Amino acid sequence: MKNKLVIDPNIKSWIDYPSNTHFPIQNLPFGIFSNHDNTRRVCTIIGDTVIDIHELYRCVALQNIKTKKFIKDLLLNDYCNDLFSEGKELIRALRSQIVELFEEKNKKHYERLIRTALNNIKDVNLHIPIKIPNYTDFYSSREHATNVGIMFRDPANALFPNWLHIPIGYHGRASSIIISGTDIKRPAGQIVLKENEAPIYSKSKQLDFELEMAFVVSKENKLGEPISCDQAEDFIQGLSLFNDWSARDIQRWEYVPLGPFLGKNFASTISPWIVDLDALEPFRTEGPIQDPKPLEYLSQTGKNNFDIKLEVYINDSLVSESNTKYLYWSIKQQLAHHTVNGCNMQIGDLCASGTISGPSASSFGSMLELAWKGTKPITLNDGSQRVFLQDGDRIRMTAFAENSNYRIGFGEATATILP
Ligand code: MN
């Protein structure tokens, strides 16, 4: 824990970027890109410049990070999994060498040498950064769980009795997780139009988004060996922005008694960048007070939440502003709970937070809540109204942490709905 790499806020890069960029030199997230030759490889980004890390090695032979073979295998790779599996110390060494190459004061030394590693973001394709063996979705926002409980169950007992004791979650489907920019098709399935009527086969009429953050597992535990809260962040590389698309009508009919299934697994959108936990270190904050006190294996101290602003736009109308800090259960607690029974995590496993709703109506993280089960339509900038999403709607989520020095951003998780 003591060796976290927090990059000096005063360092500037010789790559120009505006002060509100998501990607100052203090961020250096990991992603996967390809350009004209269609070879996928590991990259990072400063401003609008996508940096081919393998090419950096070729140009300047970044030092002291193992062998050439190693570098080739890890960086000329379709996914970041193999790189992450080398461990956090290697990632820290890599990120700190990249800082050195791109620091303003070293411009004369390196700019010409590493020119061929630089690509404008407009000229590249970004791909899903990790191969995801398993995907889990939690339900960690108290406000979201309470809103859903009020709408569908009992306003006086909105939370189920287990909710304040357990980070609730379910196993989702990894194969349909897609990179930002990929359009999604409106799903079809069984829906019930009126209560107590028979189901029909239909396109979903209640397509929704869920505003979430997800963490990426970068270290394995053995089957039968739980990860403690204290160890948990050693097993997590970073965070990404995540949209857990949901067909509410399909979900409502199918979820009893085993939980979400086809109402969820038709698509989930992930942003292109894995933002390192180290880069988020300056944005730590305490989470909500947990009462009742969780069981010992879930006990944590210190600042375990992150102050990350979240926004959702429908066709460029801002419809929600939330924040990761509202989450009741921290990522440490989610991972400790996930493995308390001995469940073994795999490198690249993705664990999403659940819909992140805040206390105010403008901070709710789904259409279900924003339009309150269809009873309060929201009005977009063009005057049109929505209770759920329409074909052609473009949903754009964005996230960034911010202080007086810089922003650490996640880019976007965006998709357009096709009929
Ligand atoms: Mn969800």
Filter result for Gly149 (without any contact (Cβ under 8 Å) to a residue 24 or more places away in the chain, of a type outside the set (A, V, I, L, M) and in contact with a helix residue (DSSP H, G or I) (Cβ under 8 Å, 6 or more places away or on another chain)): yes
Given (1) away from the ligand (no atom under 16 Å from the Cβ); (2) more than 28 Å from His127 (Cβ to Cβ); (3) surrounded by 24 or more Cβ atoms within 10 Å (Cβ to Cβ), number of the condition Leu298 does not satisfy: (3)
Any hit, the range 266-283, residues being free of Cβ contacts under 8 Å to residues at least 60 places away in the same chain, part of a strand (DSSP E or B), under 18 Å from the mean Cα position of the chain (by Cα) and within 20 Å of Ile168 (Cβ to Cβ): no
Which listed residue, of Asp234, Asp249, Asp278, Asp230, is away from the ligand (no atom under 15 Å from the Cβ) and over 19 Å from Ser330 (Cα atoms): Asp249
Identity of the residue in the range 194-218, surrounded by fewer than 18 Cβ atoms within 10 Å (Cβ to Cβ) and in contact (Cβ under 8 Å) with a residue 12 or more places away in the chain, that ends up farthest from Ala399 (Cα to Cα): Pro199
Scan of the range 329-353 for residues that are within 16 Å of the ligand (Cβ to nearest atom) and open to solvent by 10 Å² or more (accessible area, probe 1.4 Å), ordered by number: Ile331, His338
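The values are calculated or read from the model by the stated rules, or taken from the named source; none is laboratory data. These numbers were taken from a predicted model, which means no experiment stands behind them. As a convention, Cβ positions derive from the backbone with ideal geometry for all residues, glycine included, and neighbour counts pool all protein chains shown. Surface accessibility is based on the protein's heavy atoms, side chains included, excluding ligands, DNA and RNA. Shrake-Rupley method; radii C 1.70, N 1.55, O 1.52, S 1.80 Å.
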